[in-house]
Amino acid sequence: MAKSKNYQEWLLEKLKDHDEAVAYLNAALEESLKGDEESQHLFLVAIRNVAEAQGGVGNLAKKACIVTGK
């Protein structure tokens, strides 16, 4: 029997897709606007997940510089 992926592995694989990552962050941001500590923490976790899926913070920063031209 094939070993199934755990949720974190599945999520990171999905977040490699730009549109999926944008939708995920938008949902997390909207949730964080509730203002409670838990929802704000979840937004930070979402940012971390997207950064990890995109190859780390350094790689994500490079991509941002390419897009902005800086």
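The values are calculated or read from the model by the stated rules, or taken from the named source; none is laboratory data. None of these values were measured; they are calculated from a predicted model. Note that we place each Cβ from the backbone using ideal geometry, even for glycine, and neighbour counts take in every protein chain shown. For the accessible areas, the whole protein counts, side chains as well, though only heavy atoms, and no ligand, DNA or RNA atoms are used. Shrake-Rupley method; radii C 1.70, N 1.55, O 1.52, S 1.80 Å.
Restricting attention to the range 53-63, and to residues there that are within 16 Å of GLU20 (Cβ to Cβ) and not polar (S, T, N, Q), which single residue is most open to solvent (accessible area, probe 1.4 Å)?
Applying the filter and picking the extreme gives LYS63.
Out of all the residues in the range 12-22, is one or more farther than 19 Å from GLY56 by Cα, loosely packed, with under 12 Cβ neighbours inside 10 Å and not hydrophobic (A, V, I, L, M, F, W, C)?
Checked against the condition, which is being farther than 19 Å from GLY56 by Cα, loosely packed, with under 12 Cβ neighbours inside 10 Å and not hydrophobic (A, V, I, L, M, F, W, C), the range 12-22 yields no hits at all.
Does the range 32-70 hold any residues that are more than 13 Å from the chain's Cα centre (by Cα) and of a type in the set (Asp, Glu), and which are they?
Selection gives ASP36, GLU37, GLU38.
Hey, among the residues in the range 23-47 that are of a type in the set (Gly, Ala, Ser) and more than 18 Å from TYR7 (Cβ to Cβ), which one's most open to solvent (accessible area, probe 1.4 Å)?
Restricting attention to the range 23-47, the residues satisfying the condition of being of a type in the set (Gly, Ala, Ser) are 23, 27-28, 32, 35, 39, 46.
If we keep only those that are more than 18 Å from TYR7 (Cβ to Cβ) too, we end up with 32, 35, 39.
Values: SER32: 15, GLY35: 44, SER39: 3 Å².
Among them, the one singled out is GLY35.
Against the conditions (1) outside any helix (DSSP H, G or I); (2) in contact with a helix residue (DSSP H, G or I) (Cβ under 9 Å, 6 or more places away or on another chain); (3) open to solvent by less than 50 Å² (accessible area, probe 1.4 Å); (4) of a type outside the set (Ser, Thr, Tyr), where does VAL50 fall short? Just the number, please.
(1)
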